[in-house]
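These notes are about the structure you will find just below.
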Amino acid sequence: MILIAKNKKAHYEYFISNTIEAGIVLTGDEVKALREKKASISEAFAETEKGELWLINADISFYKNSSKILVTDAKRKRKLLVKKKEISTLQGKVEREGFTIIPLKLYFNKKGYAKIEIAVAKGKKLYDKR
């Protein structure tokens, strides 16, 4: 496992209940930027929309040698690849119990695929952050 980015403040700001590994839909120049470790997931979160899970506000910078014609937004929405049953359980927790879905780690697995570890978490109050 090659770690690209880690959300260091996640354990400080949230109570984490369970985690899920998900794949990400990326373009070619985004994968090359990840290989150079030019990504940040500290402000990112995930959200369900029409039965799909989307990663919002994750910053994957531009690859310096990429084509200038197909320039994509660095903080665009990216689709997460998760099974429908897991999406429905995540959506139920978010809607009923007030949880949020946050990313913990962004990494390449042993096969070379970009994966993200997301967690279902509940925000801490100020007096819990000691």
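Sort out which residues of region 77-130 are closer than 16 Å to Asn18 by Cβ and in a loop (DSSP other than H, G, I, E, B), and write them in order of number. Result: Val82, Lys83, Gly98, Phe99.
Of the residues Asn57, Asn7, the single one that is of a type outside the set (A, V, I, L, M), under 10 Å from the mean Cα position of the chain (by Cα) and on the phi > 0 side of the Ramachandran plot is Asn57.
In region 1-17, the residues that are more than 25 Å from Tyr113 (Cβ to Cβ) reach residues that are among the hydrophobic types (A, V, I, L, M, F, W, C) and not in a loop (DSSP other than H, G, I, E, B) with C-beta atoms within less than 8 angstrom, at least six apart or across chains, in these pairs: Tyr14/Ile102; Tyr14/Ala119; Tyr14/Ala121; Phe15/Ala121; Ser17/Ala119; Ser17/Val120; Ser17/Ala121. Of all residues in region 94-130, those being within 15 Å of Glu47 (Cα to Cα) and without any contact (Cβ under 8 Å) to a residue 40 or more places away in the chain number 4. Taken together, the residues in region 41-65 that are in a strand (DSSP E or B) and either open to solvent by less than 70 Å² (accessible area, probe 1.4 Å) or touching a Phe, Trp or Tyr at 6+ places or on another chain (Cβ under 6 Å) (or both) amount to 10. Here Ile87 clears all of (1) open to solvent by 60 Å² or more (accessible area, probe 1.4 Å); (2) more than 19 Å from Ile4 (Cα to Cα) except the condition numbered (1).
Yes or no: Ile87 of a type in the set (A, V, I, L, M, F, W, C) and under 24 Å from Lys9 (Cβ atoms)?
No: the conditions fail for Ile87.
For Lys115, state whether it is within 20 Å of Met1 (Cα to Cα), of a type outside the set (Ser, Thr, Tyr) and open to solvent by 60 Å² or more (accessible area, probe 1.4 Å). No; evaluated as a whole, the condition is false for this residue.
The values are calculated or read from the model by the stated rules, or taken from the named source; none is laboratory data. Keep in mind that what you see is a predicted model, and the values were worked out from it rather than measured. Using ideal geometry, Cβ is built from the backbone for each residue, glycine included, and neighbour counts are taken over all protein chains shown. Accessible surface is based on the protein model in full, side chains and every heavy atom, while ligands, DNA and RNA are left aside. Shrake-Rupley method; radii C 1.70, N 1.55, O 1.52, S 1.80 Å.
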